[in-house]
1. In the stretch 8-36, what residues are assigned to a loop (DSSP other than H, G, I, E, B) and of a type in the set (D, E, K, R)?
2. Pull up the stretch 155-174, narrow it to residues that are of a type in the set (Gly, Ala, Ser) and over 15 Å from the mean Cα position of the chain (by Cα), then point me to the one that is least open to solvent (accessible area, probe 1.4 Å).
3. Can you find a residue in the stretch 279-296 that is part of a strand (DSSP E or B), under 30 Å from Leu58 (Cβ atoms) and open to solvent by less than 30 Å² (accessible area, probe 1.4 Å)?
4. Cβ-Cβ distance below 8 Å, separation of 6 or more or different chains: which pairs start in the stretch 291-305 with a residue that is without any contact (Cβ under 8 Å) to a residue 24 or more places away in the chain and farther than 11 Å from Ile264 by Cα and end on one that is assigned to a strand (DSSP E or B) and open to solvent by less than 80 Å² (accessible area, probe 1.4 Å)?
5. Among the residues of the stretch 134-149, count how many are in contact with a Ser or Thr (Cβ under 9 Å, 6 or more places away or on another chain), farther than 18 Å from Gly48 by Cα and open to solvent by less than 30 Å² (accessible area, probe 1.4 Å).
6. Name the residues in the stretch 37-83 that are in contact (Cβ under 8 Å) with a residue 60 or more places away in the chain, among the polar types (S, T, N, Q) and either open to solvent by 30 Å² or more (accessible area, probe 1.4 Å) or assigned to a loop (DSSP other than H, G, I, E, B) (or both), would you?
7. Within the bounds of the stretch 185-205, is there any residue that is touching a strand residue (DSSP E or B) at 6+ places or on another chain (Cβ under 9 Å), at pLDDT below 95, small (Gly, Ala, Ser) and closer than 25 Å to Pro13 by Cβ?
8. Looking at the structure I just gave you, is Leu5 assigned to a helix (DSSP H, G or I) and farther than 30 Å from Tyr125 by Cβ?
Amino acid sequence: MKSPLLTLSGAVPAEGVDEGVAAHYGDLFREQRALADGAGFVDLSHRGVVTVTGEDRLGWLHLLLTQHVSDLPVGEATEALVLSAHGHIEHALYLVDDGTTVWAHVEPGTAEALIAYLESMKFFYRVEVADRTGDFAVVHLPAGSIAEPPDGAVVRETAYGRDLFLPRAELESYAEKAGPAAGLLAYEALRVEHHRPRLGFETDHRTIPHELGWIGTAVHLQKGCYRGQETVARVQNLGKPPRRLVFLHLDGSEVHLPPHGTEIRLADDGEEGRRVGFVTTSARHHELGPVALALVKRNIPLDARLVAGDTAAAQEVIVEP
């Protein structure tokens, strides 16, 4: 769904899964600094919006999601996953309940599959699931922002800022008041800085929550009764995940950033060294320079010198080995 904010001055469209919103508005680092200072907003209107209504909504979702939501207080933000039967991550939901409706935003292009799964699990529960992507747009206000959300907007407030669910028809008028606009590249650079995983970027078909540090934030360990829970409990109690998320400082002399999927090797093994992981997201940060998130094998030494493609990289621990 193409955002009307692509008509703003300097807007350069994003590509790939984030197509439909602006990658930047002409000055990536200025936009990053504004967000870091609590100013401006980010157009996330390409994300899917899913709602669940009905008096059984929280108890029903509690049975399906990795998060404890049966007693979720009104207005309290949380995040949750849907796992496969083998514990692999299939969906990530960013939730808030407004007292009558659970609102969730999800990755672009995933709402249809998520809704199909939820519909298949309704049984006798008094719930209604709806795709509201066509009616509502997600807008992000950074942490520290003093901007007032429009009256009636559903707000999801976290340590990283506030996500607003705005009527899509009001997106342009809100942007006129909320500026300056910051593009998705600025938002993503701060996400990488804060080590926050993203479905489809830090995940592949076999990712389990432990690998990304999603235990605790999106997975509640004191509940069961959800698909994939056996894998979560087994890894938590008896073993270690096969891979771990790391933060990479990349060689700043390189012109190009290693894209998603770039192979990571041990520098000491030379150009023909074995693959030990891959880059999940890379970004240019206004203070840290070129950085990335990556998934590497758990047993890679913490002081190992790495190479992402042709780019030297030094790792910082996110998930303990």
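The values are calculated or read from the model by the stated rules, or taken from the named source; none is laboratory data. Remember, it's a predicted structure, so these values are computed and weren't measured experimentally. Cβ sites come from the backbone with ideal geometry, for glycine too, and all protein chains shown count toward neighbours. Calculation scope for accessible area: heavy atoms of the full protein, side chains included, ligands and nucleic acids excluded. Shrake-Rupley method; radii C 1.70, N 1.55, O 1.52, S 1.80 Å.
1. At the first step, the residues of the stretch 8-36 found to be assigned to a loop (DSSP other than H, G, I, E, B) are 8-11, 14-15, 19-21, 25-27.
If the condition is that a residue be assigned to a loop (DSSP other than H, G, I, E, B) and of a type in the set (D, E, K, R), then Glu15, Glu19, Asp27 are the ones that fit.
2. As a first pass, look at the stretch 155-174 and keep what is of a type in the set (Gly, Ala, Ser): 159, 161, 169, 173.
Of the ones still in play, those that are also over 15 Å from the mean Cα position of the chain (by Cα) are 169, 173.
Details: Ala169: 101, Ser173: 53 Å².
Going through the qualifying residues, I end up with Ser173.
3. no
4. Close Cβ pairs (under 8 Å, with a partner that is assigned to a strand (DSSP E or B) and open to solvent by less than 80 Å² (accessible area, probe 1.4 Å)) amount to Leu302/Gln315; Leu302/Val317.
5. Number of matching residues: 0.
6. Passing the criteria: Ser45, Thr53, Thr66, Gln67.
7. no
8. Yes: the conditions hold for Leu5.
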